Amino acid sequence: MDEKSGKRPAGGQTRTLSTVPSRITGTELENALVAAILGDSALSISVAPWGRSTRRGEAMTDLLDRLYREHRVLARVLDLFDDLLDRFHEGGEPDYELMSEMLEYMETYSDQVHHPSEEDIFDRLRARTNEVYPVLDLLTKQHVQLGQMNKRFRQSLEGIMHEEVLRRDEVEVQGRQLVKTLREHLNLEETDAFPLARERLSVSDWEELGVEAPSEEDPLLGDAGQARFRALFQHLSEQTQD
């Protein structure tokens with residue numbers, strides 16, 4: 001690839017994963033991500049900072065534990081993208097096609113399951129009091145912005161694959177901004193929004209939220225999901241060690 005333009009040289013090939021399933025189209029992205037990145041045992045680990053000794057605690061934990069698990073997975077993916085961007089900055093060429101695919105899965109799951117679950121919690125908080133919650137408004141705005149940033153960065157990676165003339169520094173900035181904004185977003189949810197919800201919402205609120213939470217099964221990954229995601233993550237991780 002040309003150092004200034006970001007254009008892939010003629011004849012450049014993207015490595016593929018011929019030994020793993022192709023794109024995923026069925027059930028449970030979350031479990032695939034957690035098992036692929038954190039290991040199968042992580043599926044049974046509670047990461048929320050509270051116990052299960054009360055009915056209210058049980059109702060909260062089911063939904064919030066899931067969101068915390070997803071945050072852990074996203075944090076690992078962000079660390080991986082930091083390493084890939086470091087390699088890109090140094091003139092290396094990570095597998096843009098697989099990076100784009102990982103970004104697409106992140107965006108799809110966020111749009112269809114993760115963010116809607118969080119927005120349901122935020123809306124329930126707003127409905128329970130007359131208070132204004134600037135942090136919730138900021139997080140809602142960021143949900144939209146993160147989707148836009150993901151799409152823009154993914155389009156740039158796809159542009160590189162199609163030999164479009166793009167500046168490497170501009171593509172890197174897009175990736176860095178996405179990683180930084182998402183990392184700050186996850187931290188703000190965990191330090192401000194989730195504790196606020198834990199304090200203000202009732203047993204019935206949490207039970208209703210659990211029932212209304214978007215399904216993790218329909219829109220996303222099929223039976224091949226775990227194998228594909230493990231392969232994606234492992235393959236991209238290996239590229240940071242070349």
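The values are calculated or read from the model by the stated rules, or taken from the named source; none is laboratory data. Everything quoted here is computed from the prediction, not taken from an experiment. Cβ atoms come from the backbone with ideal geometry, glycine included; neighbour counts cover every protein chain shown.
General observations
- Verdict on ASN187 being more than 30 Å from ASP86 (Cα to Cα) and without any contact (Cβ under 8 Å) to a residue 12 or more places away in the chain: no
- In this structure, GLU119 does not satisfy being outside any loop (DSSP other than H, G, I, E, B), surrounded by fewer than 19 Cβ atoms within 10 Å (Cβ to Cβ) and modelled with pLDDT under 90.
- Of all residues in the range 176-188, exactly one satisfies the criterion of being in contact with a helix residue (DSSP H, G or I) (Cβ under 6 Å, 6 or more places away or on another chain) and closer than 15 Å to PRO134 by Cβ, namely HIS185.
- Test result for LEU209, modelled with pLDDT of 90 or more, touching a Lys or Arg at 6+ places or on another chain (Cβ under 9 Å), among the aliphatic types (A, V, I, L, M) and surrounded by 14 or more Cβ atoms within 10 Å (Cβ to Cβ): yes
- Residue check, LEU67 farther than 19 Å from LEU201 by Cβ and surrounded by 16 or more Cβ atoms within 10 Å (Cβ to Cβ): no
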